[in-house]
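Student: Please see the structure below; I have some questions.
Taken together, the values in this text are just the output of simple stated rules run on the coordinates, not laboratory data. Fair warning: this is a prediction, and the values are worked out from it, not measured in the lab. Because the Cβ atoms are built from the backbone with ideal geometry, glycine has one as well, and the counts that use them run over all protein chains shown.
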Amino acid sequence: MTPYLVGVRYYLPEMIRSNEDLVAINPGWNAEKIYRKTGIRCRRIADEGQTACDLGYEAARCLIQELAVDRARIDALLFCTQSPDYHLPTTACLLQDRLGLPTSCGAFDFNLGCSGFTYGLWIARSLIKAGSAKTILLVVADTYSKYCDPHDLATATLFGDAGAAALISSSPSGGFAVVGESVVGTDGRGAGNLIVRAGGARATGSSSLRGEHEGAISKTGTDAHLFMNGAEIFSFTLGAIPSGVQRLLDQLALRWDQIDLFLMHQANRFILESLRDTMKIAPEKLPIDLEDCGNTVSASIPIVMRRCQERGLFKAGQHCVLVGFGVGYSWAMTELTIIEGA
């Protein structure tokens, strides 16, 4: 069976944290300098009691309503998050109930960050091709802001919160793209360069200063905060992503100039412009769109997809490559072929 992407929606929380807000609590920082390097002027932040499940629910609810989906026909719910409501039960079970999906619906979480949406498409495509599911709801959401030390320049300036949802179906009815081949990759040697050390079974405490760890950037945060080695993340990205995309193109027997849009994880402007230069991609083929929401982790690709769709950038017959990459290290590239009705 052929898997079709029927639609995508996203949801941003109401609270806004601007560069000026960050400067107010970090007087040595400069709002315009943050924007020039990151491409971000503000980011959306979940309220204290608002979770990734809440953000994912709103995105999924809006998608189901917009597409007039018969909930009884959804037979799989995939939820990607690194900020679950609980260690157990799986958040997908909570979403299944809140969304009113049938009890015959399979539901599970998978823990991935910025590659989560493209990994999710890989999983959904595989389930449909195998005949194991016909209608799949893929939901991604993260609240990284809850992990960020507000005085850590490396993380507080980047990450925002969001949820997104996509419907993948074996029926072409209403679909705007065929979900094509994927290439995935993993290099766990980079795990320590983007990590929240506390909270899991290996490190249950949160009292040790992050500054004790080699390469730490913030001296104020604890192991319960997100630690990021930006230089190593940058080096990984420029090494793994061009070769990963080339692998996908070889698999598809397509040339670089046959790809109409490269929709990449919106990490920050500096990384995306560097990838443009390294991969010799024209600016109009690799949109950068994170000024008003920041790096939204697993939701960033569906956000840029929806905005491209609203701007009329999708045309029938186009080949698009979605590129997710980040924490893990983990990466996944997926090809979409746009069809009529985009």
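Student: Please work out the C-alpha center-to-center distance from the stretch 282-342 to the stretch 117-190 and express it in whole Å.
Tutor: Centre-to-centre (Cα) distance: 11 Å.
Student: Same structure, new question: Two decimals is fine: what is log10 I(q)/I(0) at q = 0.11, 0.14 Å⁻¹ for the chain, from a Debye sum with one equal scatterer on every Cα and no solvent?
Tutor: Rounded to two decimals, the profile gives -0.68, -1.13.
Student: Ok, one more. Lysines near LYS33 by alpha-carbon distance under 29 Å, same-chain residues fewer than 8 away left out - which ones?
Tutor: Hits, sequence-local ones excluded: LYS146, LYS219, LYS280, LYS285.
Student: Multiply the residue gap between ASP70 and GLN246 by 0.36 nm, knock off their C-alpha separation, and tell me the result in nm, one decimal place.
Tutor: 59.5 nm is the gain from fully extending ASP70 to GLN246.
Student: Based on the alpha carbons, how large is the Rg to Rh ratio for the stretch 179-338 when Rh follows Kirkwood?
Tutor: Across the stretch 179-338, the Cα-based Rg/Rh ratio is 1.03.
Student: Taking each pair of distinct Cα atoms in the stretch 4-175 once, what is the resulting Kirkwood hydrodynamic radius in Å?
Tutor: Final number for the Kirkwood radius of the stretch 4-175 is 17.0 Å.
Student: Out of all DSSP beta bridges in the chain, what portion is antiparallel? Express it as a percent rounded to 5.
Tutor: Taking every DSSP beta bridge within the chain, about 75 percent pair in antiparallel fashion.
Student: Anyone know which of ILE301, ILE233, ILE25 comes out most mobile in the 10 Å Cα GNM of the chain?
Tutor: Most flexible of the set in this elastic network: ILE25.
Student: Taking the Cβ of ARG125 as the centre, find all other residues whose Cβ is under 11 Å away and add up their charges (Lys, Arg: +1; Asp, Glu: -1).
Tutor: That works out to -1.
Student: Please identify the helices of the chain, taking whole runs of DSSP H, that span at least 30 Å along their own axis as judged from the Cα atoms and have a mean Kyte-Doolittle score of 0.5 or higher.
Tutor: In the chain, the long hydrophobic H runs are 230-252.
Student: In percent, how large is the relative contact order of the stretch 107-209, given Cα pairs closer than 8 Å and 6 or more residues apart?
Tutor: 24 percent
Student: Counting only helical runs of four or more DSSP H residues, what would the 222 nm mean residue ellipticity of the chain come to if each run contributes -39,500 (n - 2.57) and the total is spread over all its residues?
Tutor: About -9000 deg cm²/dmol.
Student: Sticking with this structure for a sec: Taking loop as defined by DSSP and a crowding limit of 16 other beta carbons within 10 Å, which GluC sites (Glu not before Pro) in the stretch 279-342 fit?
Tutor: Taking the stretch 279-342 and a limit of 16 other Cβ atoms within 10 Å, the loop GluC sites (Glu not before Pro) found are GLU291, GLU340.
Student: Right, next: Compare GLY175, GLY312, GLY160 in a GNM of the chain, Cα atoms joined below 10 Å, and give the one with the largest fluctuation.
Tutor: Of GLY175, GLY312, GLY160, the Gaussian network model singles out GLY312 as fluctuating most.
Student: Something else now. Among ARG197, ARG189, ARG247, whose mean-square fluctuation peaks in a Gaussian network model of the chain (Cα, cutoff 10 Å)?
Tutor: In the Gaussian network model the winner is ARG189.
Student: Within the stretch 48-127, list the trypsin sites (Lys or Arg not before Pro) lying in a DSSP loop whose Cβ has at most 11 other Cβ atoms in a 10 Å radius.
Tutor: none
Student: Once you list every other residue whose beta carbon is under 11 Å from the beta carbon of TYR329, what net charge do they have if Lys and Arg are +1 and Asp and Glu are -1?
Tutor: -1
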